[in-house]
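Only one structure is covered here, and it is reproduced in the block below.
The values are calculated or read from the model by the stated rules, or taken from the named source; none is laboratory data. Quick caveat, the model's predicted, so the values are computed rather than measured. Every residue, glycine as well, gets a Cβ built from its backbone with ideal geometry; the counts of neighbours run over all protein chains shown. The accessibility values were calculated without ligands, DNA or RNA, using every heavy atom of the protein model including side chains. Shrake-Rupley method; radii C 1.70, N 1.55, O 1.52, S 1.80 Å.
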Amino acid sequence: MSRPDPLPGSGSDRPPAGRPAAPWAARPGLVVPILVLLAAAAAGLQYARGRAYEARPVAQTVLYVPSGAALQRVALSFDSALADLYWMRAVQHYGRTRRAAAAGRYELLQPLLEIVTTLDPRFDVAYRLGAILLAEAHPHGPGRPDQAVALLEKGLRARPGRWQYLHDIGFVHYWWLQDYETAAHWFERASEAPGAPWWLRSLAADTLVRGGDRRGSRALWRQVYGTADNPWLRAEAERRLLQLDALDEIDAYTAAVDRFARRTGRPPSAWAELLPDGQVGPLDPAGHPYTLQRGAGVVSVAPESPLFPLPAGPGATAP
Amino acid sequence: MRVITQLAWHAFRDAARGRVLYVLVPFAVLLIGAAWLSGQLTAGQEVKIVKDLGLTAAALCGLFTAVVLGVGLLAGEVERRSVYTLLAKPVRRHEVVLGKYAGLVLALVVNVGVLAIVLYGVLAFVAATESAEARRGWETPAVDPALLKACFLILVQLMVVAAAALFFATFSSPALAAAMTLGLYVAGHFNADLQTLEEIVGPGLTASLATGLSFVLPNLAPFNVTAEVVHAQPVPPGYVALTTATGLVYAALFLGGAMLVFSRRDLT
Amino acid sequence: MAAVRLLALTKDFDIGFWRRRPVAALQGVTLDVAPGEVLGYLGPNGAGKTTTMKLLVQLLFPTSGSVEVLGRPAGDVAVRRRVGFLPEAPAFGDNLSAEELLIHYGRLFGFAAPDARRRAARLLDRVGLDAERRRPLRRCSRGMRQRVGVAQALLNDPEVVLLDEPLAGLDALGRRAVRSLLLSLREEGRTVLLSSHILSDAEALCSRIAILARGRLAAAGRLADLGLEVRGWELVVAGVTPAQVAAIEPAPERVTRADDGRCVIALPRSRPPEPILAELIRGGARILALAPQHETLEEFFVRTVAGREAEREAAG
């Protein structure tokens, strides 16, 4: 580098001059729009990346540490917060899989719940809601009542004699496994647990007597609806109750179809034949028209109804 | 440009003199220790574990460097008032911001680069000591060039974090700026959750707010491709390019903000 | 053309966290510093001296009014090449040595590396830090940092030198070194604006003085014209016996004896020093110094500004 030129009118020992004065930052009128433009570009690029590479397997990273016990060591004193985090991931995984166009297999649900309950063994909702999600039949869930029962039993080991878990195990046996004897046994145990509500005793008795009929099921779901402490479970119980109503209504319409068939010798081909002014079918309890299968005369809820599919399990049989 | 280069070189030298870069050493030792330990404990997983740990170490160590230096280079100088003599020199304030940032990026390059070299060294050692049979069981080769993609994206992520640290440091105390930068880092990793919040809570104000926020906040999770690289899943060049572009634009945004704020600030 | 021109310069600071209200640090200060002049910018602590200095190098932006240095606005980068600035209690990046810092600043001034190195060496020598040039600044004393500060302010051979409390934090030796440096600046014909809260600092160095109080210019002019009161005399003598001192009648206010036989004698304003000097010389003593002791700036301020305010209040 050469020695800098002297400044005009000053000693030759002075530093070089010649840089223009006005700093760009003195003109916010120019800078601010540029920043706004940059912000828009950043958001746009981020959006484009999200669009182009949506299939990036986030799930892979979720179960990066597959063992809750190992995670607990890493989590230091933040295990409770980490449990919350994993619980959010579990619920998200469930919600995302359920909403996906092609129904997934919910394969991360059980391991995530396992991690949550290991990190925080007293995480009540993770056991209770987790069990319900696990037991839920495909496509609404992985259809694993066995895993649901195992999760609740883990909860019982952490908090022995908690009647809610005993009741929930009975519930899984009742609703998903249709093993009313075992269900009644668990309800019985639940009713003997400290702090158990009075209705558990009658529930146990009813289950033994009327296991599997629609009235028994309705009573069970009403209990769930009445005692649910989270909105999702309440909504689910409401849906189940509506399904039971729909089953009642379908029974009535099926009887009408049968009468029509007996009278004309063929099943009705459209609702108009069956109902005076029925261009579309009557509405199910969720507000969607029932479908009438042409030729076969089978009445059912429409696939787009939130009640679809109706349970094939307990309660499907008429009382 | 000459002024910026001089400022950058000076900032880098100052950082190298400080103890910040020495956090590299324990991480490198940890890496080697982990390689040795996992060789004793796990069958066929040591390569994966070393890669996981190595990349995580690079990211964490870089995060620490980016926050400490990003905040210290500007807010620290303002607080110590050493910036007074500097700003009385023929430099413009935005040149100071740019120069400090360039020096910081240089420090981060060295940081990630050193850890990458150590990582490759450890992996080469593991590969050399394992039997050919064990090597066949590995998902990916030990000395896998794909790791460079992960390192590169970590560096880009750190550039965003450093720019954010510099930005926050232009208008707040060092401690507050560090807290805000770490907050942005954490929030940046929850970006995907913000986008999918609607799936959980259903449509509504909360979901709209979350979605809006997810557009503004830099999404930092996509910069982490450790899982893909370790499990031999493809990281397409287009993905790297788009992610890098996003990162650079965010860095430019934060830097622009920093220059704007710093240029107009009273240094009391 | 004035080398430094302050025109109705006003600076408010917003203080308070929730309700920010402006507090005036500087109110309508107008002042010219002529080229080659050494102006003492004096005032008690909190008068606004540092605020003015910061406005001159645009560390602060004025609320209203303007600042010109060498005919250009304060923020002008080209002008900064011709200005040197020493902030109050200067601080520097801790990891560097004085030499590295000066070379770095030299490079920022646009000097080539060898030139920057040469300048750094020359200035460190000039402020008496040659031996400590490699020591990291974090292990330097306050006085050493002050000297580094002076060195960096002179690095570019500035036409205008702005010095905020250049003598603060220095020991006696350091004060003498910096004082002589400042005198040489005056001889070299540089324009110097020197702030201090100690009047005697300015007495020896400055051709003109401006006194700032509560953000306003209270007085400006030659020291002799300002009407500062002399409170007494300080006499430094060598080779006096205690008997001689005791013979001074009536007794001096204060007598301080140093180990080397020197003696500092404080005389009240009411005693003309000449007869005492004659008496001491006759007794074989050597006179080392005789200096008038002015009232402090605080006293001056209380006497003039506060007095005027009280008058105004009484009148209104």
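Using a probe of 1.4 Å, the accessible surface attributed to C:ILE276 totals some 10 Å² when neighbouring protein chains are kept in position.
For region C:1-84, the share of alpha carbon pairs falling in successive 5 Å distance bins from zero is 3, 14, 23, 25, 18, 9, 5, 2, 1, 0 percent. Full extension of the chain between C:ALA291 and C:ALA314 yields a length gain of 4.5 nm, computed as 0.36 nm times the residue separation minus the alpha carbon distance. A 1.4 Å probe run over the protein chains yields, for the protein assembly as shown, 45 Å² of accessible area per residue, whole-number rounding. Mind listing, in residue-number order, the residues in region C:95-119 that have at least 40 Å² less accessible area with every protein chain present than in their own chain alone (1.4 Å probe)? Going by heavy-atom accessible area, the residues of region C:95-119 that drop by at least 40 Å² are C:ASN95, C:LEU96, C:GLU100, C:HIS104, C:TYR105, C:ARG107, C:LEU108, C:PHE109, C:GLY110, C:ALA112.
Put simply, the Cα atoms of region C:200-304 extend 50, 26, 23 Å along their principal axes, the longest span coming first.
Overall, the accessible surface of the protein assembly as shown at a probe of 1.4 angstrom is composed of carbon and sulfur to the extent of 60 percent. If I take R0 = 41 Å and measure r between the Cβ atoms of A:ARG96 and B:GLU79 in this structure, what FRET efficiency does the formula 1/(1 + (r/R0)^6) give, to the nearest 0.05? Here the calculated transfer efficiency is 0.35.
Result for chain B in a Gaussian network model with C-alpha springs under 10 Å: among B:LEU106, B:LEU213, B:LEU98, the largest mean-square fluctuation is at B:LEU213. The mean of 1/r over all distinct Cα pairs in region A:92-239, once inverted, gives the Kirkwood hydrodynamic radius of 15.5 Å. Entry for chain B at q = 0.10, 0.13, 0.15 Å⁻¹: log10 I(q)/I(0) = -0.58, -0.89, -1.08, Debye formula applied to identical alpha-carbon scatterers, no solvent contribution.
Model label points for C:PHE61 and C:SER184, set 7 angstrom from Cα along the Cα-to-Cβ axis, are 4.0 nm apart. Remark on region C:46-125: ratio of C-alpha radius of gyration to 2.2 N^0.38 Å is 1.28.
Here the ratio of the Cα radius of gyration of region A:101-165 to 2.2 N^0.38 Å is 1.10.
Could you pull out the longest piece of chain C with no exposed loop chymotrypsin sites (Phe, Trp or Tyr not before Pro) in it, calling a site exposed if DSSP puts it outside H, G, I, E, B and it has at most 12 other Cβ atoms within 10 Å? Counting at most 12 other Cβ atoms within 10 Å as exposed, the longest clean stretch of chain C is C:19-316. Leaving ligands and nucleic acids aside, the C/B contact buries around 2900 square angstrom of accessible area in total at a 1.4 Å probe radius.
Stick to Cα atoms and the Kirkwood definition of Rh, then tell me Rg/Rh for the protein assembly as shown.
When Rh is taken as the Kirkwood radius, the ratio is 1.18.
Using 1/(1 + (r/R0)^6) with R0 = 60 angstrom and r between the beta carbons of A:GLU304 and C:SER141, what's the FRET efficiency to the nearest 0.05? According to the calculation, E is roughly 0.15.
In region B:64-92, the residues whose accessible area drops by at least 10 square angstrom when the other protein chains are added to the isolated chain are B:ARG80, B:ARG81, B:SER82, B:TYR84, B:THR85, B:LEU86, B:LEU87, B:ALA88, B:LYS89, B:PRO90, B:VAL91, B:ARG92; the probe is 1.4 Å and only protein heavy atoms count. Which number comes out as Rg/Rh for region C:46-186 once both Rg and the Kirkwood Rh are worked out on C-alpha atoms? My calculation of the ratio gives 0.96. Out of every Cα-Cα pair that region A:190-303 contains, those further apart than 18 angstrom amount to 61 percent.
The trypsin sites (Lys or Arg not before Pro) of region A:199-301 meeting both criteria, a DSSP state outside H, G, I, E and B (loop) and at most 16 other C-beta atoms within 10 angstrom of the site's C-beta, are A:ARG294.
Ranking B:PHE12, B:PHE152 from most to least accessible surface, computed with a 1.4 Å probe over the protein chains only, gives B:PHE152, B:PHE12. Here, region B:119-268 is characterised by an Rg to Rh ratio of 1.10, where Rg is the alpha-carbon radius of gyration and Rh the Kirkwood radius. Around A:ALA256, with a cut-off of 12 angstrom between Cβ atoms, what is the net charge of the other residues, counting Lys and Arg +1 and Asp and Glu -1? So the environment of A:ALA256 carries a net charge of -1. To the nearest ten degrees, helix C:98-108 and the longest principal axis of the Cα atoms of chain C are 50 degrees apart. Ordered by 1.4 Å accessible area with all protein chains kept, C:ARG21, C:ARG147, A:ARG49 run largest first as C:ARG21, C:ARG147, A:ARG49. Among C:ASP157, C:ASP14, C:ASP225, which one moves the most in a GNM of chain C with springs linking Cα atoms closer than 10 Å? Checking each option, the largest mean-square fluctuation is seen for C:ASP14. Cross-link partners for B:LYS149 among the lysines, with Cα-Cα distance under 22 Å and sequence neighbours closer than 8 places in the same chain left out: B:LYS48, B:LYS51.
Ranking C:ARG122, C:ARG175 by solvent-accessible area of protein heavy atoms (1.4 Å probe, all protein chains present), from largest to smallest, gives C:ARG122, C:ARG175.
The rule of thumb for compact globular proteins, 2.2 N^0.38 Å, goes into the C-alpha radius of gyration of region A:152-195 1.05 times.
Applying the criteria of a DSSP loop state and at most 14 other Cβ atoms within 10 Å to the trypsin sites (Lys or Arg not before Pro) of region C:1-49 yields C:ARG19, C:ARG20. Under a no-solvent Debye model with one identical scatterer per Cα of chain C, what's log10 I(q)/I(0) at q = 0.06, 0.07, 0.09, 0.16 Å⁻¹? Once normalised to I(0) and log-transformed, intensities are -0.26, -0.35, -0.57, -1.29.
Comparing mean-square fluctuations of C:ALA113, C:ALA202, C:ALA243 from a GNM of chain C with C-alpha springs under 10 Å, the top value falls on C:ALA243.
Any chance you could run the full-extension gain for C:ALA247 through C:ALA34? It's 0.36 nm times the residue separation minus the Cα-Cα distance, nm to one decimal.
Difference between extended and current length: 71.7 nm.
With R₀ set to 25 Å, the beta-carbon distance separating B:SER172 from B:VAL216 gives a calculated FRET efficiency near 0.80. Partners of C:LYS11 within straight-line reach, counting aspartates and glutamates whose Cα lies under 13 Å from its Cα and excluding those fewer than 8 residues away in the same chain: B:ASP266. For B:LYS89, a cut-off of 20 angstrom between C-alpha atoms picks up these lysines, skipping any fewer than 8 places away in its own chain: B:LYS100, C:LYS54. The interface between chain A and chain B buries about 3400 Å² of solvent-accessible area in total (1.4 Å probe, ligands and nucleic acids excluded).
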